[in-house]
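Only the coordinates and a few stated rules stand behind these numbers; no lab work does. None of the values given here were measured: they were computed from a predicted structure. For neighbour counting, all protein chains shown are included, and Cβ atoms are generated from backbone atoms with ideal geometry for every residue, glycine included.
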């Protein structure tokens, strides 16, 4: 018999998109985008963007705190498990 191993599914499309926008902006402009910039680039409202940032922070792709939403630190640039 084998033990069950839970493997988290890959990132959703919007999670992957926001992670790539943050990483690409940091590489090109040497700073991370604001919540407003993420809203413009993704076509999402601020609440949706902040929900996705929370998920990415919980999954340890980013360091992010809702109390200072524009302060984003990238921990991992690429999606795991690919």
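Selection of region 62-73 for residues being surrounded by 15 or more Cβ atoms within 10 Å (Cβ to Cβ), free of Cβ contacts under 8 Å to residues at least 12 places away in the same chain and more than 16 Å from residue 14 (Cβ to Cβ) yields an empty set. Inclusion of residue 51 among residues that are out of contact with any strand residue (DSSP E or B) (no Cβ under 9 Å at 6 or more places or on another chain) and assigned to a helix (DSSP H, G or I) is warranted.
Results for (1) more than 13 Å from the chain's Cα centre (by Cα); (2) closer than 14 Å to residue 18 by Cβ; (3) surrounded by fewer than 12 Cβ atoms within 10 Å (Cβ to Cβ); (4) free of Cβ contacts under 8 Å to residues at least 40 places away in the same chain, shown as yes or no for each residue.
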residue	(1), (2), (3), (4)
29	yes, no, yes, yes
32	no, yes, no, no
37	yes, yes, no, yes
47	yes, yes, yes, yes
55	no, yes, no, no
60	no, no, yes, yes
76	no, yes, no, yes
